[in-house]
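Since the structure comes first, as structure tokens, the remarks are kept for the end.
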Amino acid sequence: MELSNKDLLAIRDLSPEEILLILDTAESMKEISTRDIKKVPTLRGKTVINLFYEPSTRTRTSFEIAGKRLSADVVNISTSTSSTTKGETLKDTGRNLQAMNPDLIVIRHSCAGAPKILADTLPASIINAGDGAHEHPTQALLDAFTIREKKKTLSGIKVAIIGDITHSRVARSNIFLLQKMGADIRVSGPHTMVPPFIEELGVSFMPDMEEAIHDVDVIMMLRIQLERQQHGLFPSIREYSRFFGLNLEKLKKAKSDVLIMHPGPINRGVEIAPEVADGPYSIILDQVTSGVAVRMALLYLLIGKGNRESN
Amino acid sequence: MELSNKDLLAIRDLSPEEILLILDTAESMKEISTRDIKKVPTLRGKTVINLFYEPSTRTRTSFEIAGKRLSADVVNISTSTSSTTKGETLKDTGRNLQAMNPDLIVIRHSCAGAPKILADTLPASIINAGDGAHEHPTQALLDAFTIREKKKTLSGIKVAIIGDITHSRVARSNIFLLQKMGADIRVSGPHTMVPPFIEELGVSFMPDMEEAIHDVDVIMMLRIQLERQQHGLFPSIREYSRFFGLNLEKLKKAKSDVLIMHPGPINRGVEIAPEVADGPYSIILDQVTSGVAVRMALLYLLIGKGNRESN
Amino acid sequence: MELSNKDLLAIRDLSPEEILLILDTAESMKEISTRDIKKVPTLRGKTVINLFYEPSTRTRTSFEIAGKRLSADVVNISTSTSSTTKGETLKDTGRNLQAMNPDLIVIRHSCAGAPKILADTLPASIINAGDGAHEHPTQALLDAFTIREKKKTLSGIKVAIIGDITHSRVARSNIFLLQKMGADIRVSGPHTMVPPFIEELGVSFMPDMEEAIHDVDVIMMLRIQLERQQHGLFPSIREYSRFFGLNLEKLKKAKSDVLIMHPGPINRGVEIAPEVADGPYSIILDQVTSGVAVRMALLYLLIGKGNRESN
């Protein structure tokens, strides 16, 4: 089986079978990173460009390591050094990169839809590494991989997503993916941070966080953008933390085998208490490990199949 | 045949035979980037440093991809993170890099002559990736490669270069190269942007752009630096664009097989209309593809010959 | 013999035998950088992360080249593009990187102790590439390597360290290393820049620089941080230079086979006169060459032994 598109732009585009293919492929990729020699020749001679219009240590490094462990040539471009300061359009930047014959471009951009523009314009494969408040599909895939690893299935799993649902591409991608795979999702957060008709996505809204988490298998905390406070979306960090931060007190209401997730970087003591982030239920660092595996899987599935004989 | 210098500093230093050697070598290099596995071991164990004192996505990426496809180890240094902020002289930076035994240093610098300083100081090969308003030899070589690919020859080809001739290292390098190869060159642009005795270079000046382009084989548009306007070199972008921008209207005056070139990044709607940049005569993206091939050829010719047996 | 720790945090942690092991290993590594093909497969499949919270062309490039010549995958992270701007703690950054299974992290940080925090938290090997005013152990090792190369021994060698002793991690690491190896050390500098009880380290303080250098085998000049002047630590650059800069005049007082060292980047005409920096006694550039060799040795000793069969 293969992915039906040359690109990974959004979870919305994937079938449940494709999601399973990615997760299954990631399982075998994960093993590579545990070897003494963490490198296979699968993508030798392939060129992967990391085109980051927003800074991100974590995601860029994860893709870079994923590419290098598969022996791809990885080229990093970040806006601070890019000619976008010279006013070139995204399409022109993309076409120029395409003219250098890359196999795949990973793009992160503050505008929703930017990866789709590249994908529609260029023959190279495009992976969306986060576009505005739209989607962050590799995050949802690595989250699903991590949940499945711990719970053996995604079907029937109850997940609570807590925080700024409206502005979160992580929340959107996770809702789409988990629903496709048969999970049961509820969200919680301040009214100002939950879209009005969220139920139409098949998701329930529980304004009381303790109610939202009391019977779930997974609590997915979102990072709070502290700058939102200036826009009046929440009155104070202290109040946000009291109502929607996950601490030991609230955790007592949850199931004894609950999993705590967070896409990182975490604001310790704001949306998550240090004792919880570092505690026994936290699988936050497993998520990071899964990230490299899932990205290796995607690189392989999108541009590595023709190389199969060289493995 | 070999290049006579260890460095590529300026088109002025090259003989026509050397230019042909580079272009011919680039032809075989171009094929590598079309393969499924775009990598040859030619420069394995060679160290190439990209030392960029001016930001440039395009040129840095082109050199980085060229080096990696030849299996060189490529190290990027950009000023934003460099110790030049600590006041070290260029010579000292060069000597320090030399002490790490690189084989070749690619340098872009805002001061004319900076690459020559390195070349005179260091045993490593130096490639000038653009120095002030002096030269940008790899750009001229990739332009020549692209013209030759389309027109089969450079000899007798008529070329119009349009724009800010005075401040353009691209224009200078192209004039030197095309003249050596027997092309016929005219320039056009505002009087404030054309050097007074340009004819002494063997180039004709035609203030009327339409006259300049009506019988040429190639129109080479230059990027207008929008910040020049503040220095009073042109009154408004709108006026510049009307007189010296290439649009469909002006293009009607040109030959039916004319080629449109631009070193990029383009200012759409300023020096070139979108319909022209994206139209059938434009070979702007071919130039970018040629860039990787020409840079691979230069890396090979300057530091790869001793490795020939490993190809 | 092997290093007893998984990390290199400080010279203080090393035994004389370990120092000799590193220097001896560096000797064989140095030869690799003189080959036509400067690459061995020793660290193939190993992941090395350069995590730089302070900019440094020289040190980062040295580690990057060292890693690549040993075939490691090297990933650069610099603060300007890092998520530390998002307020993540160092421990969290480290744990997240660890989750991607790197073998070794090189860290430079403005806070003393930062590398130790990583080392205590993470299973990966950590190399301190300079932490605040604490230590810069790889600099001391490359200095020792260079002295030994020229003088055949470190035992009994007389060394004068001149400049801002108080704030210099280079001075501290050198004092610790040279003392362990039996060298005889004196320091000189303005009273405001020498710690009050320096003699307790077994080092003599000679306020008169000419007295300090007259009978030594090695003069180690420190870089003066010009911004210290604003804090009143010295009255003017001119005065500093007159009393503690090394020029030809002062050099006449020194031995005829003295070696001049400087960790770079140098302030020409401030702490060192150009004629001295570029003169016959200067081994400043040898230090840079030694740097690559010493860092290759450390990478090999810390993470390469299990790969020994692949050499």
- Would the range A:281-302 turn up any residue that is aliphatic (A, V, I, L, M), open to solvent by 20 Å² or more (accessible area, probe 1.4 Å), within 18 Å of A:HIS167 (Cβ to Cβ) and within 11 Å of another protein chain (Cβ to nearest Cβ)? no
- Query: Regarding C:SER155, is this residue surrounded by 18 or more Cβ atoms within 10 Å (Cβ to Cβ), among the small types (Gly, Ala, Ser) and not in a helix (DSSP H, G or I)?
  - Reply: no
- Task: Please tell me if B:LEU70 is buried (at least 21 other Cβ atoms within 10 Å of the Cβ), away from chain C (no Cβ under 12 Å) and under 23 Å from A:ASN50 (Cβ atoms).
- Result: yes
- Query: Just wondering, is there one or more residues in the range C:241-261 that are under 29 Å from C:SER290 (Cα atoms) and within 14 Å of chain B (Cβ to nearest Cβ)?
  - Reply: yes
- Message: If a residue must be touching a residue at least 40 places away in the same chain (Cβ under 8 Å), open to solvent by 10 Å² or more (accessible area, probe 1.4 Å) and charged (D, E, K, R), how many such residues does the range C:117-152 contain?
- Response: 4
- All but one of (1) under 15 Å from B:ILE126 (Cα atoms); (2) open to solvent by less than 10 Å² (accessible area, probe 1.4 Å) hold for B:LEU90; which doesn't? (2)
- Item | Top-ranked residue in the range B:4-24 [being hydrophobic (A, V, I, L, M, F, W, C) and crowded, with 19+ Cβ neighbours inside 10 Å; ranked as nearest to B:ASP103 (Cα to Cα)] | B:LEU8
- Top-ranked residue of the range C:229-277 - restricted to ones that are within 21 Å of the chain's Cα centre (by Cα) and of a type in the set (D, E, K, R), ranked as nearest to C:ALA140 (Cα to Cα): C:GLU271
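Residue by residue, here is whether (1) at pLDDT below 95; (2) more than 28 Å from C:MET29 (Cβ to Cβ) holds:
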| residue | (1), (2) |
| --- | --- |
| C:PHE63 | no, no |
| C:ALA66 | no, no |
| C:VAL74 | no, no |
| C:THR84 | yes, yes |
| C:LEU90 | yes, yes |
| C:GLN98 | no, no |
| C:ILE117 | no, yes |
| C:PRO123 | no, no |
- Note on the structure: Checked the range B:20-52 for anything touching a helix residue (DSSP H, G or I) at 6+ places or on another chain (Cβ under 8 Å) and among the basic types (Lys, Arg); matches are B:LYS30, B:LYS38, B:LYS39, B:ARG44, B:LYS46
- Message: Considering only the range C:25-34, I want to know if a residue exists there that is of a type in the set (D, E, K, R) and open to solvent by less than 40 Å² (accessible area, probe 1.4 Å).
- Response: no
- Note on the structure: Of the listed residues (C:ILE213, C:ILE219, C:ILE161, C:ILE157), the one being of a type in the set (A, V, I, L, M) and either touching an Asp or Glu at 6+ places or on another chain (Cβ under 9 Å) or closer than 30 Å to C:LEU104 by Cα (or both) is C:ILE157
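Condition check ((1) surrounded by fewer than 22 Cβ atoms within 10 Å (Cβ to Cβ); (2) farther than 30 Å from B:SER15 by Cβ; (3) in contact (Cβ under 8 Å) with a residue 24 or more places away in the chain; (4) away from every other protein chain (no Cβ under 14 Å)) across all residues:
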{"position": "B:ASP164", "(1), (2), (3), (4)": "no, no, yes, yes"}
{"position": "B:ASN174", "(1), (2), (3), (4)": "no, no, yes, yes"}
{"position": "B:VAL203", "(1), (2), (3), (4)": "yes, no, yes, yes"}
{"position": "B:PRO207", "(1), (2), (3), (4)": "yes, yes, no, yes"}
{"position": "B:ARG223", "(1), (2), (3), (4)": "yes, no, yes, no"}
- Note on the structure: For the range A:159-187, the count of residues that are farther than 20 Å from A:VAL258 by Cα and over 13 Å from the mean Cα position of the chain (by Cα) equals 5
- Residues located in the range A:252-279, provided they are of a type in the set (S, T, N, Q) and either touching a residue at least 12 places away in the same chain (Cβ under 8 Å) or buried (at least 21 other Cβ atoms within 10 Å of the Cβ) (or both): A:ASN267
- Item | Entirely in the range A:199-311, the helices (runs of 4 or more DSSP H) that have 3 or more residues that are in contact with a Lys or Arg (Cβ under 9 Å, 6 or more places away or on another chain) and not polar (S, T, N, Q) | A:209-213, A:274-277, A:284-299
- In the range C:88-119, how many residues are more than 14 Å from chain A (Cβ to nearest Cβ) and more than 22 Å from the chain's Cα centre (by Cα)? 0
- Query: open to solvent by less than 10 Å² (accessible area, probe 1.4 Å) and either within 12 Å of chain C (Cβ to nearest Cβ) or touching a residue at least 40 places away in the same chain (Cβ under 8 Å) (or both): does that describe B:VAL75?
  - Reply: yes
- Message: Given the criteria within 26 Å of A:GLY67 (Cβ to Cβ), surrounded by fewer than 20 Cβ atoms within 10 Å (Cβ to Cβ), within 11 Å of chain A (Cβ to nearest Cβ) and in contact with a helix residue (DSSP H, G or I) (Cβ under 6 Å, 6 or more places away or on another chain), does C:PRO55 qualify?
- Response: no
- Task: Kindly indicate whether B:GLU149 is modelled with pLDDT of 95 or more and within 13 Å of the chain's Cα centre (by Cα).
- Result: no
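The values are calculated or read from the model by the stated rules, or taken from the named source; none is laboratory data. Because the structure is predicted, anything quoted here is derived from the model rather than measured. Quick reminder, even Gly has a Cβ in these numbers, built from the backbone with ideal geometry, and neighbours come from all protein chains shown. Areas reflect the complete protein model, heavy atoms only, side chains present, ligands, DNA and RNA absent. Shrake-Rupley method; radii C 1.70, N 1.55, O 1.52, S 1.80 Å.
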